[in-house]
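The structure appears right after this line, and notes come after that.
The values are calculated or read from the model by the stated rules, or taken from the named source; none is laboratory data. Keep in mind that what you see is a predicted model, and the values were worked out from it rather than measured. Heads up, the Cβs are rebuilt from the backbone with ideal geometry, glycines too, and the neighbour counts pull from every protein chain shown. Quick note on the areas: whole protein, heavy atoms, side chains included, nothing else; ligands and nucleic acids left out. Shrake-Rupley method; radii C 1.70, N 1.55, O 1.52, S 1.80 Å.
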Amino acid sequence: MMSKSYTNLLDLASGNFPIMGRERRRLPRVMTVAGVISELDDDQANSVSSDVPSSIMQDRIIIVANQLPVKAKRRPDNKGWSFSWDEDSLLLQLKDGLPEEMEVLYVGSLNVEVDSNEQDDVSQLLLDRFKCVPAFLPPEILSKFYHGFCKQHLWPLFHYMLPFSANHGGRFDRSLWEAYVAANKIFSQRVIEVINPEDDYVWIHDYHLMVLPTFLRRRFNRLRMGFFLHSPFPSSEIYRTLPVREEILKALLNSDLIGFHTFDYARHFLSCCSRMLGLEYQSKRGYIGLDYYGRTVGIKIMPVGIHMGQIESVLRLADKEWRVGELKQQFQGKTVLLGVDDMDIFKGVNLKLLAMEQMLKQHPNWQGRAVLVQIANPARGRGKDLEETQAEIQASIKRINEKFGQPGYEPIVFIDRPVSLSERVAYYTIAECVVVTAVRDGMNLIPYEYIVCRQGNSVSDSNSEFSGPKKSMLIVSEFIGCSPSLSGAIRVNPWNIESTAEAMNEAISMVEPEKQLRHEKHYRYVSTHDVAYWSRSVFQDMERTCKDHFRRRCWGIGLGFGFRVIALDPNFRKLSIDAIQSAYLRSKRRAILLDYDGTVMPQTSINKSPSQEVISLINTLCGDVKNTVFVVSGRGRDSLSKWFSPCKKLGIAAEHGYFVRWSEEKDWEICGQSNDFGWIQIAEPVMKLYTEATDGSSIETKESALVWHHRDADPGFGSSQAKELLDHLESVLANEPVAAKSGQYIVEVKPQGVSKGVVAEKIFTSMHETGKQADFVLCVGDDRSDEDMFEIIGNAMTNGVLSSNTSVFACTVGQKPSKAKYYLDDPSDVITMLDALAEASDSPPSSDGEPASP
């Protein structure tokens, strides 16, 4: 029988996933939340948006990962299962950094297959004894999800391996993506079964569950949710090759906080968001954030640490001491270099062997004395590439040992079996140096473990050789996550065999005081930046990022993985046509201010001249003697006067209000503070310099302003050049009567005192002074320059230019943060609204009516 979670898989994979209904409850921890179900015109998903506080006040965190932090095995009698905590699991260790009173619940899969008739009992047992909620993946999904999409596509790509051929990495297989989506949906269902959306935090871990945030955000708009990636995040040039690149980025952005081990990984993610989604990040008081439809998605950079208590407890074990004695005897008179790596293609084990071979060649004095002990943990993945890597390693070991081996001495000791933490600690204790030559690795905590073990335990080491000065040496690849935090390590490019060999010689030849100083520096960092420090820091940032969740109004919009939540101020709402029409009819004097591009004219339109419908509507509004109608635009006066020549009574404010004309029969007024344009001779050569250096950029010359456009330039380079240009212009124009400002893909220089806000104030003041004070104001715009108009309305009411009883409709186009109190979705909505007002007007357009201007 096919699993219920597997139904509609093609719908899931294409992103058109259905409503996730609540299935039969098996688990007791369910909270029914009173709230409002908001159904959206373009989306069939339901989102809980509750204004009723939960009866459970205690915060709880649900940690979601591919695997639960428990070990499972069949009982000897084959009747049932026995479970125990996996003490090595990071998910278990991170509890130390969370608030003591916080309840922790785990959701994840088991590393064993549980029969369907046992799943209910196992679920109840794990919940009762371990507070774990297992997600059972059907075998057909599990294989394609984990060994397929995760290990064949994401893992290689995130480690910079491109599928150049079917035999090297494998081509993209959409059925594997479908299984990945289906598996993430199963995880989401298990979370939904136990979540209290008003009280719980959700913390999702690693690349296996990168689309899970969309499933959860779709159901709970205000859920407090973080995601941490434990693998590298590749550069945009690599990531952009993934066919489902935007789906994954948008899913991650449904989290409130996204965490990475290093700035490099975060920088690559931010670059992908910029290049593929057009999102730019901002840094405020040390915190990095992405504005995503009114929500600020926090970016956290914090390398994970080790569990100090676990390592120190192993150091006290008697069997460790016994094993250390054995190893000292085995390697008596030898200098031991140690490698501990998982067996996979990115760990650079063979590069390490080749470097050891090179060192023995270049420095024959180490022959017979230096030994590289390489521990290879069992492989997690599988495939042809891994088999080739294993064969290459075995061939190198055989060659090196045959070439340099002597009776009683083998330069390479290869341990190809699982090694317990206790035995690993014993090897750390006797190793003079640890070598990590991974060509790409998310974090790699082996150097941290080694440092703590070399520090030893104060009690057990008081009578041993470790009671003296502590020392350790590290050789680490510059391509691993822990490298930036280990400033005393010898960093190497593992691809350079010769330099790695020299680093090995340097490490084991270094004088003792230098080793001690490097060790002390590392131990101070590792002991204070442990796993508890990491989880505490991430959780605190999650709290900070989510603190305004229940204050804001949220809407979920979009289909499939295009789903996102719009978060807006509680007072921000869609403009009601009935409400504005009613206020319009009651009013005696009206001011109507309209932006052009993006407001009555779609930004995407190629033909920028107004349609006949727009001309007709504006003429109708202008024909009403109660109305003063203005188009307020950044465009030049020539094009605007030409386009709107049929509208005789229309007022036009061109170039953001530098030129103003009250009607066609009136002359143009100049509203700038200065008519001196000598600054153009200074600014234009600077702009030309940047235009020549920035492919895809251009200069627009207006009568009163110069605008540098970089919309068609490389996003990263264009943005960087825009910042440089702005600084350059501000410097050279410091004594000129102009202002240099940056906008969306532009840098503009224009006379001081010119803005849409100033022209709006001029219109309101002029009406007031001529005894025609407006009692109805409609102001519509779509971009940053229009925010000046919205802001000035409040000031005008404060200083009496507008009455406190004035009906004000400041409206932005598009659902986004704004100083306006209303929004309309797009220019077509604006036209519909203007049509309603035109119908309500007192009189049709007239050629002999009184001008609307004062």
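Of the residues contained in segment 835-843, none is found to be of a type outside the set (S, T, Y), in contact (Cβ under 8 Å) with a residue 40 or more places away in the chain, closer than 20 Å to G757 by Cα and surrounded by fewer than 22 Cβ atoms within 10 Å (Cβ to Cβ). Taking the criterion of being assigned to a helix (DSSP H, G or I), touching a Cys at 6+ places or on another chain (Cβ under 8 Å) and not aromatic (F, W, Y), the residues of segment 215-257 that qualify are S236, R245, L249. Criterion applied to L706, L726, L733, L689 was being of a type in the set (A, V, I, L, M), out of contact with any strand residue (DSSP E or B) (no Cβ under 7 Å at 6 or more places or on another chain) and more than 30 Å from V777 (Cβ to Cβ), and the one residue passing it is L689.
Considering K750, K702, K723, the condition of being basic (K, R) and more than 30 Å from V631 (Cβ to Cβ) is satisfied by K723 alone.
In this structure, F331 does satisfy being open to solvent by 10 Å² or more (accessible area, probe 1.4 Å) and not aliphatic (A, V, I, L, M). Taking segment 797-852 as the range and being out of contact with any helix residue (DSSP H, G or I) (no Cβ under 8 Å at 6 or more places or on another chain) and at pLDDT below 80 as the test, the residues that pass are Q815, K816, P817, D842, S847, D848, E850, P851. Does segment 789-798 include one or more residues that are in contact (Cβ under 8 Å) with a residue 40 or more places away in the chain and part of a loop (DSSP other than H, G, I, E, B)? Within segment 789-798, not a single residue is in contact (Cβ under 8 Å) with a residue 40 or more places away in the chain and part of a loop (DSSP other than H, G, I, E, B). Has segment 421-430 got any residue that is among the basic types (K, R) and under 17 Å from N350 (Cβ atoms)? Within segment 421-430, none of the residues are among the basic types (K, R) and under 17 Å from N350 (Cβ atoms).
Among the residues of segment 560-585, those identified as part of a loop (DSSP other than H, G, I, E, B) and in contact with a strand residue (DSSP E or B) (Cβ under 6 Å, 6 or more places away or on another chain) are P570, L575. For segment 409-442, taking the residues that are aromatic (F, W, Y) and in a helix (DSSP H, G or I), the one that is nearest to A266 (Cα to Cα) is identified as Y428. Pairing each residue of segment 353-376 that is under 15 Å from K403 (Cα atoms) and open to solvent by less than 10 Å² (accessible area, probe 1.4 Å) with any residue that is in a helix (DSSP H, G or I) and among the β-branched types (V, I, T), provided the two are 6+ apart or on different chains, yields C-beta distances under 6 Å for A355/I497; A355/T500.
Note on segment 753-782: residues that are part of a loop (DSSP other than H, G, I, E, B) and either without any contact (Cβ under 8 Å) to a residue 12 or more places away in the chain or crowded, with 22+ Cβ neighbours inside 10 Å (or both) amount to 5. When L338, L386 are checked against the criterion of being within 38 Å of the chain's Cα centre (by Cα), hydrophobic (A, V, I, L, M, F, W, C) and not in a helix (DSSP H, G or I), L338 stands alone in meeting it.
Taken across segment 300-312, residues that are in a strand (DSSP E or B) and on the phi < 0 side of the Ramachandran plot do occur, with at least one present.
Looking only at residues in segment 617-640 that are under 46 Å from the mean Cα position of the chain (by Cα) and open to solvent by 30 Å² or more (accessible area, probe 1.4 Å), the one that is nearest to K750 (Cα to Cα) is R635. Annotation note: Cβ proximity below 7 Å between a residue of segment 565-589 that is free of Cβ contacts under 8 Å to residues at least 60 places away in the same chain and a residue that is part of a helix (DSSP H, G or I) (sequence gap 6+ or interchain) occurs for P570/R551. When K750 is tested against the conditions (1) within 18 Å of A653 (Cα to Cα); (2) of a type in the set (K, R); (3) open to solvent by 60 Å² or more (accessible area, probe 1.4 Å); (4) not in a helix (DSSP H, G or I), the lone failure is (3).
Within segment 697-708, the set of residues being touching a His at 6+ places or on another chain (Cβ under 7 Å) and either open to solvent by 30 Å² or more (accessible area, probe 1.4 Å) or under 21 Å from F677 (Cα atoms) (or both) comprises S698, E700.
Just name the residue that is nearest to the chain's Cα centre (by Cα) out of those in segment 210-227 that are buried (at least 24 other Cβ atoms within 10 Å of the Cβ) and of a type in the set (A, V, I, L, M, F, W, C). Once the filter is applied, the top-ranked residue is F227.
Has segment 258-279 got any residue that is charged (D, E, K, R) and assigned to a loop (DSSP other than H, G, I, E, B)? Looking through segment 258-279, none of the residues is charged (D, E, K, R) and assigned to a loop (DSSP other than H, G, I, E, B).
Yes/no matrix, rows are residues, columns are (1) of a type in the set (K, R); (2) part of a helix (DSSP H, G or I); (3) out of contact with any Ser or Thr (no Cβ under 7 Å at 6 or more places or on another chain); (4) closer than 21 Å to L257 by Cβ:
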site: G488; (1), (2), (3), (4): no, no, yes, no
site: T500; (1), (2), (3), (4): no, yes, no, no
site: E514; (1), (2), (3), (4): no, yes, yes, no
site: E520; (1), (2), (3), (4): no, yes, yes, no
site: R524; (1), (2), (3), (4): yes, yes, yes, no
site: Y533; (1), (2), (3), (4): no, yes, yes, yes
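Picking from residues in segment 237-283 that are among the small types (G, A, S) and open to solvent by 10 Å² or more (accessible area, probe 1.4 Å), the one that is farthest from F172 (Cα to Cα) is S283. Given the options E655, E684, name the one that is surrounded by 14 or more Cβ atoms within 10 Å (Cβ to Cβ), under 25 Å from E787 (Cα atoms) and out of contact with any helix residue (DSSP H, G or I) (no Cβ under 6 Å at 6 or more places or on another chain). Matching residue, one of E655, E684: E655.
Considering segment 709-722, and only residues there that are assigned to a loop (DSSP other than H, G, I, E, B) and either within 14 Å of G743 (Cβ to Cβ) or touching a His at 6+ places or on another chain (Cβ under 6 Å) (or both), the residue that is least open to solvent (accessible area, probe 1.4 Å) turns out to be H710. A residue that is open to solvent by less than 20 Å² (accessible area, probe 1.4 Å), touching a residue at least 24 places away in the same chain (Cβ under 8 Å) and assigned to a strand (DSSP E or B) occurs somewhere in segment 723-743. Could you figure out which of (1) among the β-branched types (V, I, T); (2) in contact with a helix residue (DSSP H, G or I) (Cβ under 6 Å, 6 or more places away or on another chain); (3) open to solvent by 30 Å² or more (accessible area, probe 1.4 Å) isn't true of V336? Of everything listed in (1) among the β-branched types (V, I, T); (2) in contact with a helix residue (DSSP H, G or I) (Cβ under 6 Å, 6 or more places away or on another chain); (3) open to solvent by 30 Å² or more (accessible area, probe 1.4 Å), V336 misses just condition (3). Does V425 fit the bill of being at pLDDT 90 or above, hydrophobic (A, V, I, L, M, F, W, C) and within 36 Å of the chain's Cα centre (by Cα)? In short, no.
When R295, R323 are checked against the criterion of being basic (K, R) and open to solvent by 40 Å² or more (accessible area, probe 1.4 Å), R323 stands alone in meeting it. Tell me, yes or no, whether segment 394-403 has at least one residue that is open to solvent by less than 30 Å² (accessible area, probe 1.4 Å), modelled with pLDDT under 95 and among the hydroxyl-bearing types (S, T, Y). No, segment 394-403 contains no residue that is open to solvent by less than 30 Å² (accessible area, probe 1.4 Å), modelled with pLDDT under 95 and among the hydroxyl-bearing types (S, T, Y). Scanning segment 739-749 for residues that are farther than 17 Å from S698 by Cβ and modelled with pLDDT of 90 or more gives a single hit, A740.
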